[in-house]
1. How do the pairs read when you match residues in segment 8-34 that are in contact (Cβ under 8 Å) with a residue 12 or more places away in the chain with residues anywhere that are of a type in the set (Val, Ile, Thr), using Cβ under 8 Å and keeping only pairs 6 or more apart or on different chains?
2. So which residues in segment 102-124 are small (Gly, Ala, Ser) and closer than 15 Å to residue 40 by Cβ?
3. Can you pull out every residue in segment 146-191 that is charged (D, E, K, R) and either closer than 21 Å to residue 41 by Cβ or open to solvent by 100 Å² or more (accessible area, probe 1.4 Å) (or both)?
4. Anything in segment 26-58 that is open to solvent by 50 Å² or more (accessible area, probe 1.4 Å), of a type in the set (Phe, Trp, Tyr) and at pLDDT 95 or above? List them, or say none.
5. Could you look through segment 117-134, keep only residues that are touching a residue at least 40 places away in the same chain (Cβ under 8 Å) and open to solvent by less than 80 Å² (accessible area, probe 1.4 Å), and pick out the one that is farthest from residue 33 (Cα to Cα)?
6. For residue 164, are the conditions met, namely being at pLDDT 95 or above and part of a helix (DSSP H, G or I)?
7. Identify the single condition in (1) open to solvent by less than 60 Å² (accessible area, probe 1.4 Å); (2) within 17 Å of residue 126 (Cα to Cα); (3) among the hydroxyl-bearing types (Ser, Thr, Tyr) that residue 85 does not satisfy, given that it satisfies every other one.
8. Checking residue 24 against (1) assigned to a helix (DSSP H, G or I); (2) among the small types (Gly, Ala, Ser); (3) more than 24 Å from residue 96 (Cβ to Cβ): exactly one of these is not met. Which one?
Amino acid sequence: MAVFQTIEALHARVFSTVERMLDGWFLGFAARFSFFAVLYFYFLNSARTKVGDGFFGFFHVADGAYYQIALPAVEAAGGNVSAVSFIPWGFIVWMGTYSEFVLPLLIVIGLFTRIAALGMIGFVLVQSYVDIAVHNVGSETAGAWFDRFSDGLIWDQRTLWVFLLLYLVVKGAGLISLDALLSRRRTISNS
């Protein structure tokens, strides 16, 4: 019994020290770093396929964006993207395209992180719906929860993406972020 109590006390001491040392800064930073390392370039490259070439091409939503995001509307217009109405389809395509540039950047730099992460959760859910319902990805690609495989591109991987983003929504970016810097400045100016 004394050995168990010694191990329990050692465990409590070690991990309370670790928790105290990392509290407030580490998990938000680690979540944003993980997002940057794993997902930022995925979303950046995806967004780049939706705009024109070159610097000024950034300000032009390409036809391919309509095919990726609003395929049923393009098909209803006979494949003529210019015949697709702006409200709601053009607006949805425009918002989806530029959200894919802006929201990941905000998360990485830690600015308006909670709102950006919430927006990215919505983006991932819509992206998953479009992949399944519009682009008809097969069940082998979509995967499934509670099976013995962990490599499904939609149900498995995107669940982990959403969990990472959900952490940022609930806990924020942490002390090493622009959000924390702005909060400190606001506190100083209100004093």
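The values are calculated or read from the model by the stated rules, or taken from the named source; none is laboratory data. These numbers were taken from a predicted model, which means no experiment stands behind them. Heads up, the Cβs are rebuilt from the backbone with ideal geometry, glycines too, and the neighbour counts pull from every protein chain shown. Side chains are part of the model used for accessible areas, which takes the heavy atoms of the whole protein and leaves out ligands, DNA and RNA. Shrake-Rupley method; radii C 1.70, N 1.55, O 1.52, S 1.80 Å.
1. Note: pairs meeting the criteria are 25/176; 28/113; 28/176; 29/176; 32/107; 32/108; 32/113.
2. 110, 116, 117, 119
3. Correct list: 148, 151, 156, 158, 171, 184, 185, 186.
4. Of everything in segment 26-58, those that are open to solvent by 50 Å² or more (accessible area, probe 1.4 Å), of a type in the set (Phe, Trp, Tyr) and at pLDDT 95 or above turn out to be 26, 29, 33, 36, 41, 42.
5. 134
6. Criteria met by residue 164.
7. Evaluating residue 85 over (1) open to solvent by less than 60 Å² (accessible area, probe 1.4 Å); (2) within 17 Å of residue 126 (Cα to Cα); (3) among the hydroxyl-bearing types (Ser, Thr, Tyr) leaves (2) as the failure.
8. With (1) assigned to a helix (DSSP H, G or I); (2) among the small types (Gly, Ala, Ser); (3) more than 24 Å from residue 96 (Cβ to Cβ) applied to residue 24, the lone miss is (1).
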